[in-house]
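Chemist: Please find one structure pasted underneath; my questions will follow.
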Amino acid sequence: MPQQPKQERAIQTRKEILRAAAVVFDQAGFAGASINRILTEANLTAGALYFHFKSKEDLARAVMTAQPDSILPWLSSEGLQRLVDITLVWAHQLQTDIVLRAGVRLTTEQGAFGVRDVAPYQDWSRIMADCLRVAVDKGELQAGIDPVELAEFVVEACTGMQTYSAVVSEDRADLVDRVIRMWRLMMPGIAVPTVIARTEVSPARAKALLDAMTSAATMSPAHGTP
């Protein structure tokens, strides 16, 4: 059944609030953000915000858990290549996607505002473990590789990489290169040789994925990130 205009407006309003909150959280962190500042950024009333979110903490959690929406809808690969693609796109989108960047900042700083929400990390671990289970079914991984264990390690490695990159390079400009290096070092220990040879881990792969995302977004604006 097609959505009614009222439902469509509500969905669009939620997206606008989420994006405005991301802008403010990215600039000021949780402590420096205020509801009034978010409302000004969104050009909406307090009633509209509180219809969708109960509090600033609720809004921060929504931004944190929205991270995969900046990446997953654009990918069509499977198995190990899909996992590689997620990390390549993630590394680039952290430089350009405000919702993803704010979500990462809030996730890493959440202790400062009295929250210990492991859901964003667990969400990424589940997503990556699903990729690796497909990789197991396709015979891409070496014997004895535990998809859950490896997925958690990749999340941990990416968390550390983006933190380090944010300190040593402007706007994490070197993060794609760091992700590529991570896979270059890890691949021989997790994948069978034939899969290593055909799995694309390169700046060219990252560029192709980003070009495809740009093209898809241009053709279907409603399919964009929240």
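Chemist: Can you tell me which residue within the range 1-46, out of those that are hydroxyl-bearing (Ser, Thr, Tyr) and in a helix (DSSP H, G or I), is most open to solvent (accessible area, probe 1.4 Å)? Talk me through it step by step, then tell me what you get.
Modeler: Taking the range 1-46 as the starting set, the residues that turn out to be hydroxyl-bearing (Ser, Thr, Tyr) are 13, 34, 40, 45.
Okay, now just the ones that are also in a helix (DSSP H, G or I), so 13, 40.
Values: Thr13: 32, Thr40: 109 Å².
Result: Thr40.
Chemist: Considering each residue of the range 138-158, count those that are touching a helix residue (DSSP H, G or I) at 6+ places or on another chain (Cβ under 7 Å) and either under 30 Å from Leu106 (Cβ atoms) or small (Gly, Ala, Ser) (or both), and give that number.
Modeler: Pass one, the range 138-158, residues touching a helix residue (DSSP H, G or I) at 6+ places or on another chain (Cβ under 7 Å): 138, 140-142, 145, 147-148, 150-152, 154-155, 157-158.
This time we only want the ones that are either under 30 Å from Leu106 (Cβ atoms) or small (Gly, Ala, Ser) (or both), so: 147-148, 150-152, 154-155, 157-158.
Summing the residues that are touching a helix residue (DSSP H, G or I) at 6+ places or on another chain (Cβ under 7 Å) and either under 30 Å from Leu106 (Cβ atoms) or small (Gly, Ala, Ser) (or both) in the range 138-158 gives 9.
Chemist: Name the pairs: first residue in the range 165-187 and within 20 Å of Leu100 (Cβ to Cβ), second residue among the basic types (Lys, Arg) and open to solvent by 20 Å² or more (accessible area, probe 1.4 Å), Cβ to Cβ under 8 Å, at least 6 apart or on different chains?
Modeler: Qualifying pairs under 8 Å: Ser165/Arg172; Ser165/Arg178; Ala166/Arg172.
Chemist: Is it the case that the range 4-18 has a residue that's more than 19 Å from the chain's Cα centre (by Cα) and of a type in the set (Gly, Ala, Ser)? Before the answer, list the steps.
Modeler: First, the residues of the range 4-18 that are more than 19 Å from the chain's Cα centre (by Cα): 4-13.
Still in the running and of a type in the set (Gly, Ala, Ser): 10.
Within the range 4-18, one or more residues are more than 19 Å from the chain's Cα centre (by Cα) and of a type in the set (Gly, Ala, Ser).
Chemist: Report, by residue number, each residue of the range 139-151 that is surrounded by fewer than 15 Cβ atoms within 10 Å (Cβ to Cβ) and either free of Cβ contacts under 8 Å to residues at least 24 places away in the same chain or outside any loop (DSSP other than H, G, I, E, B) (or both). Outline the logic, then answer.
Modeler: Residues of the range 139-151 that are surrounded by fewer than 15 Cβ atoms within 10 Å (Cβ to Cβ), as a first pass: 139, 142-144, 146, 148-149.
Matches in the range 139-151: Ala143, Gly144, Asp146, Val148, Glu149.
Chemist: Report, by residue number, each residue of the range 82-138 that is open to solvent by 60 Å² or more (accessible area, probe 1.4 Å), part of a helix (DSSP H, G or I) and either of a type in the set (Val, Ile, Thr) or modelled with pLDDT of 95 or more (or both).
Modeler: Answer for the range 82-138, where residues must be open to solvent by 60 Å² or more (accessible area, probe 1.4 Å), part of a helix (DSSP H, G or I) and either of a type in the set (Val, Ile, Thr) or modelled with pLDDT of 95 or more (or both): Thr96, Thr108, Arg126, Asp130, Arg133, Val136, Asp137.
Chemist: Would you point out which residue out of Asp117, Asp97, Asp58, Asp85 is acidic (Asp, Glu) and without any contact (Cβ under 8 Å) to a residue 12 or more places away in the chain?
Modeler: Numbers: Asp117 fails: without any contact (Cβ under 8 Å) to a residue 12 or more places away in the chain; Asp97 fails: without any contact (Cβ under 8 Å) to a residue 12 or more places away in the chain; Asp85 fails: without any contact (Cβ under 8 Å) to a residue 12 or more places away in the chain.
Criteria check complete, one pass: Asp58.
Conditions tested, residue by residue: (1) hydrophobic (A, V, I, L, M, F, W, C); (2) in a helix (DSSP H, G or I); (3) within 27 Å of Val136 (Cβ to Cβ); (4) open to solvent by 40 Å² or more (accessible area, probe 1.4 Å).
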{"site": "Phe153", "(1), (2), (3), (4)": "yes, yes, yes, yes"}
{"site": "Glu156", "(1), (2), (3), (4)": "no, yes, yes, yes"}
{"site": "Tyr164", "(1), (2), (3), (4)": "no, yes, no, yes"}
{"site": "Asp171", "(1), (2), (3), (4)": "no, yes, no, yes"}
{"site": "Ile180", "(1), (2), (3), (4)": "yes, yes, yes, no"}
{"site": "Leu185", "(1), (2), (3), (4)": "yes, yes, yes, yes"}
{"site": "Gly189", "(1), (2), (3), (4)": "no, yes, yes, yes"}
{"site": "Lys207", "(1), (2), (3), (4)": "no, yes, no, yes"}
{"site": "Asp211", "(1), (2), (3), (4)": "no, yes, no, yes"}
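Chemist: Pick from the range 188-207 the residues that are within 18 Å of Gln93 (Cβ to Cβ) and without any contact (Cβ under 8 Å) to a residue 12 or more places away in the chain: which of them is nearest to the chain's Cα centre (by Cα)?
Modeler: Per the stated criteria, the residue is Lys207.
Chemist: Still on this model: How many residues does the range 69-81 hold that are among the hydroxyl-bearing types (Ser, Thr, Tyr) and open to solvent by less than 10 Å² (accessible area, probe 1.4 Å)?
Modeler: Step one: list which residues in the range 69-81 are among the hydroxyl-bearing types (Ser, Thr, Tyr), which gives 70, 76-77.
Adding the requirement that they be open to solvent by less than 10 Å² (accessible area, probe 1.4 Å) leaves 70.
Residues that pass the stated criteria total 1.
Chemist: For a quick check of your reading of the model, give me the residue pairs whose first member lies in the range 33-44 and is among the hydroxyl-bearing types (Ser, Thr, Tyr), whose second is open to solvent by less than 100 Å² (accessible area, probe 1.4 Å) and at pLDDT 95 or above, with beta-carbon atoms closer than 9 Å and at least 6 apart or on different chains.
Modeler: These pairs meet every condition: Ser34/Val24; Thr40/Ala20; Thr40/Val24.
Chemist: Need the failing condition index for Thr194 against (1) in a helix (DSSP H, G or I); (2) at pLDDT 95 or above; (3) open to solvent by less than 50 Å² (accessible area, probe 1.4 Å), just the number.
Modeler: Result: Thr194 passes all but (3).
Chemist: While we're looking at this one, here's another question. Regarding the range 51-66, can at least one residue be identified that is in a loop (DSSP other than H, G, I, E, B), in contact with a helix residue (DSSP H, G or I) (Cβ under 9 Å, 6 or more places away or on another chain) and open to solvent by 60 Å² or more (accessible area, probe 1.4 Å)? Spell out how you get there, then give the answer.
Modeler: We begin by selecting, within the range 51-66, every residue in a loop (DSSP other than H, G, I, E, B); these are 53-55, 66.
In the following step, the residues that additionally are in contact with a helix residue (DSSP H, G or I) (Cβ under 9 Å, 6 or more places away or on another chain) were identified as 53, 55, 66.
Next cut, open to solvent by 60 Å² or more (accessible area, probe 1.4 Å) only: none.
No - not one qualifying residue is present in the range 51-66.
The values are calculated or read from the model by the stated rules, or taken from the named source; none is laboratory data. Source: prediction; values computed, not measured. Heads up, the Cβs are rebuilt from the backbone with ideal geometry, glycines too, and the neighbour counts pull from every protein chain shown. Each accessible area value is taken on the protein alone, full model and side chains, heavy atoms only, with ligands, DNA and RNA left out. Shrake-Rupley method; radii C 1.70, N 1.55, O 1.52, S 1.80 Å.
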